[in-house]
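Below you'll find the structure, written out as structure tokens, and then a few comments.
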Amino acid sequence: MKIYNKSRAKGHVANENRYDSMTYKRTGRSGVLLPAISLGLWHNFGFVDAIKNGRDILRTAFDLGITHIDLANNYGPPPGSAEENFGTIFKQDFKPYRDELFIATKAGYVMWSGPYGDFGSRKYLISSLDQSLKRMGLDYVDIFYHHRPDPDTPLEETMGALADIVRQGKALYVGISNYGSEDTQKAAKLLKELNVPFILHQARYSMFDRWVEDGLLDTLENNGLGCIAFSPLAQGMLTDKYLKGIPKNSRAGNDSIFLNAETVQSNIEKIHSLNTMAQRRGQKLSQMAISWILRQPQVASVLVGASSSNQLKENVKALDCLDFSEDELKFIDGIIS
């Protein structure tokens, strides 16, 4: 599909064939199509990172047809810096393409001091989104998520805040993240009654973390909602990074709060077996891990991070081999069950 670029942008001029190779999937029963692979800015886009590298990754993503960019108020470090860096890059390169982008942000984890900078109150959610829009230089986001359940704030208050955010024109759609099946059902009922376009649940999902299969995916299906999966590579375990040991500069090597050496060692036999399976399929382990999630009909997109453009290109190659035979799926289940 050839695209005439009317923007005459001084920054990035996007690849005119950017939509030819990407796979797009329907988000639940909504009108939204998302790229099967989306770019998350959780890591590598904060003030501690080189903005030039982040700009290169974002340019590469868009040229590959990745239209969905996922942020949150607390991404960095420090918190807020990923949104601010994205805003700088957006102004330089992507402002002419705003209507081709589907931009997300979230609030729900601690963002500022005091009683109003965390969890799910109306005060926090509306204030946080106002700050996020200012940092990114946007009039609205395409989707705004409540990032995690709040055990102390009534769900009616949290969902009511999301409803008002849409009515104020600050978000086109809303979503939730990290909610269990029961709370997701309650949220869906409330938002339906409020006539709010609730379309996505963002959930942690990988071969090593299958909790969504225990009822959540069915709940999403029944309510016409899509799932977008984060941490599909299990913090790097489902890559070739640990096949020959634990590198000192890796998350496990530094005993990150998200991954430690003990967890890698306890899964290393599975990692090697899965890598053998991936090689038989003509894929890298990371590519097979992404393909495996995308086989689920409820999954609209898989969120990947990237430390370089080359890494992102490698992950997108997962779309070259999405089909699994019954024998392959049984073999994988035998490894990870």
>> Given Cβ point charges of +1 (Lys, Arg) and -1 (Asp, Glu) and nothing else, what value in debye, to the nearest 20, does the dipole of the chain about its Cα centre take?
In response: 1100 debye
>> Out of the total accessible area of the range 166-239 (probe 1.4 Å, heavy atoms of protein only), what percent is carbon and sulfur?
In response: 47 percent
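From Cα pairs below 8 angstrom and at least 6 apart in sequence, can you work out the relative contact order of the range 257-315, rounded to a whole percent?
In percent, rounded to a whole number, it is 20.
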> Sorting K244, K330, K192 by accessible area (1.4 Å probe), largest first, what list results?
Replying inline: K244, K192, K330
>> Could you work out the relative contact order of the chain? I mean the mean sequence separation of Cα pairs under 8 Å and 6+ apart, divided by the number of residues, in percent.
In response: 18 percent
>> Once you keep just the Cα pairs under 8 angstrom separated by 6 or more residues, what percentage relative contact order results for the range 120-247?
In response: 20 percent
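Tell me, what is the per residue accessible area of the range 170-284 in Å², probe radius 1.4 Å?
On the way: 5530 Å² over 115 residues.
Normalised by residue count, the accessible surface of the range 170-284 is 48 Å².
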>> I'd like to check one number: the per residue accessible area of the range 1-160, probe 1.4 Å, reported in Å² as a whole number.
In response: 46 Å²
> Which value, in Å³ per residue, describes the convex hull spanned by the Cα atoms of the chain?
Replying inline: 138 Å³
>> Using a 1.4 Å probe on the protein heavy atoms, what percent of the accessible area of the range 26-108 belongs to carbon and sulfur?
In response: 52 percent
> Within the range 22-166, what percent of beta bridges assigned by DSSP are antiparallel, to the nearest 5?
Replying inline: 25 percent
> Among G76, G54, G31, which one shows the biggest mean-square fluctuation in a GNM of the chain, springs joining Cα atoms closer than 10 Å?
Replying inline: G31
>> Give me a comma-separated list of calculated 3J(HN,Hα) values for the range 137-143, in order, Karplus coefficients 6.51, -1.76, 1.60 applied at θ = phi - 60°, integers in Hz, x for any Gly or Pro.
In response: x, 10, 7, 7, 10, 6, 9
>> If I compute solvent accessible area with a 1.4 Å probe over the protein chains, what percent of it on the range 263-303 is carbon and sulfur?
In response: 41 percent
>> Give me the one-decimal nm value for the distance between modelled label points at K186 and R167, 7 Å along each residue's Cα-to-Cβ direction.
In response: 2.2 nm
>> For a test of the definition: using alpha carbon positions, the gyration tensor, and the 1.5 limit on a/c, classify the range 261-337 as rounded, prolate or oblate.
In response: oblate
>> Please check: in the Gaussian network model of the chain (C-alpha springs, under 10 Å), which one of G236, G226, G87 has the largest mean-square fluctuation.
In response: G236
>> Quick one: 3J(HN,Hα) in Hz for the range 86-96, Karplus 6.51/-1.76/1.60 with θ = phi - 60°, rounded, Gly and Pro as x.
In response: 4, x, 5, 5, 4, 5, 6, 10, 10, 4, x
> Under 28 Å from the Cα of K248, which lysines turn up, not counting those fewer than eight places away in the same chain?
Replying inline: K52, K270, K284, K313, K317
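The values are calculated or read from the model by the stated rules, or taken from the named source; none is laboratory data. Since this is a predicted model, take the numbers as computed values, not measurements. Using ideal geometry, Cβ is built from the backbone for each residue, glycine included, and neighbour counts are taken over all protein chains shown. The accessibility values were calculated without ligands, DNA or RNA, using every heavy atom of the protein model including side chains. Shrake-Rupley method; radii C 1.70, N 1.55, O 1.52, S 1.80 Å.
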